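J.: Pasting a structure here, questions to come.
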Amino acid sequence: MIYVSRKEHFNAAHKLYNPNWSEEKNAAVFGPCANANWHGHNFEMIVTVKGKPDPETGFVVDLKQLSNLIKNEIIEKVDHRNLNMDVEFMQGKMASCEILVMEMWKILEPAIRTITSVGQLHSIRLYETPRNYVEYFGE
């Protein structure tokens, strides 16, 4: 099995806040991430497709097509946006990286099937900071 990855970057603001909780509980659980005036990150996103290379092209997935797909389906919708307020696929959801990566999967998994006949989405790794990331395998 071959694993092919594409890294993309976006900037976005969000806050972690449960509207069913008091201000005090939100502050206790989420700390400065519950800031009423939001906070931002320089996100790095790595999308990995797995499969056996197509005998005609040698590709699992055309990386240019994968890049365009990620940019069109995700990056253009989240870059320089407020994840809580501006991103349609995050409406009504907690804007944690865990939820964000799961929502991204729902968009990318079927879209990737349209650009490769031999590959499938394997994982999405989302770095919120250089030291903190989440990784999702669609499970």
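The values are calculated or read from the model by the stated rules, or taken from the named source; none is laboratory data. As the structure is a computational prediction, the values presented were derived from the model and not from experiment. Note: ideal-geometry Cβ built from the backbone for every residue, glycine included; neighbour counts use all protein chains shown.
J.: Would you check if there is a residue in region 10-23 being among the acidic types (D, E) and modelled with pLDDT under 95?
T.: We begin by selecting, within region 10-23, every residue among the acidic types (D, E); these are 23.
Going one step further and asking which of them are modelled with pLDDT under 95, we end up with 23.
Yes, because at least one residue in region 10-23 is among the acidic types (D, E) and modelled with pLDDT under 95.
J.: Another one. Out of curiosity, is V29 surrounded by 12 or more Cβ atoms within 10 Å (Cβ to Cβ) and more than 22 Å from E139 (Cβ to Cβ)?
T.: Details: surrounded by 12 or more Cβ atoms within 10 Å (Cβ to Cβ): yes; more than 22 Å from E139 (Cβ to Cβ): yes.
So V29 fits the description; yes.
J.: Only residues that are without any contact (Cβ under 8 Å) to a residue 60 or more places away in the chain, of a type in the set (A, V, I, L, M, F, W, C) and either more than 12 Å from N84 (Cβ to Cβ) or assigned to a strand (DSSP E or B) (or both): list them for region 6-36, please.
T.: W21, A27, A28, V29, F30, listed by residue number.
J.: Residues of region 37-84 being in a loop (DSSP other than H, G, I, E, B), surrounded by fewer than 16 Cβ atoms within 10 Å (Cβ to Cβ) and touching a His at 6+ places or on another chain (Cβ under 9 Å), which ones? Break it down stepwise before answering.
T.: Looking only at region 37-84, we keep the residues that are in a loop (DSSP other than H, G, I, E, B), and these are 37-38, 52-62, 79-80, 83-84.
Subset that is surrounded by fewer than 16 Cβ atoms within 10 Å (Cβ to Cβ): 37, 52-58, 79-80.
Once the filter is applied, which keeps residues that are in a loop (DSSP other than H, G, I, E, B), surrounded by fewer than 16 Cβ atoms within 10 Å (Cβ to Cβ) and touching a His at 6+ places or on another chain (Cβ under 9 Å), region 37-84 yields only D79.
J.: Please find, within region 62-79, the residue that is farthest from G51 (Cα to Cα) out of those that are of a type outside the set (A, V, I, L, M, F, W, C) and in contact with a Phe, Trp or Tyr (Cβ under 8 Å, 6 or more places away or on another chain). Spell out the reasoning first.
T.: Residues of region 62-79 of a type outside the set (A, V, I, L, M, F, W, C): 62, 64-65, 67-68, 71-73, 76-77, 79.
So of that shortlist, the ones also in contact with a Phe, Trp or Tyr (Cβ under 8 Å, 6 or more places away or on another chain) come out as 77, 79.
Numbers: K77: 28, D79: 29 Å.
For region 62-79, the residue satisfying everything is D79.
J.: Select from region 103-121 the residues that are among the aliphatic types (A, V, I, L, M), part of a helix (DSSP H, G or I) and surrounded by fewer than 17 Cβ atoms within 10 Å (Cβ to Cβ) and list them in ascending order.
T.: First, the residues of region 103-121 that are among the aliphatic types (A, V, I, L, M): 104, 107-108, 111-112, 115, 118, 121.
Still in the list and also part of a helix (DSSP H, G or I): 104, 107-108, 111-112.
The answer is I107, A111.
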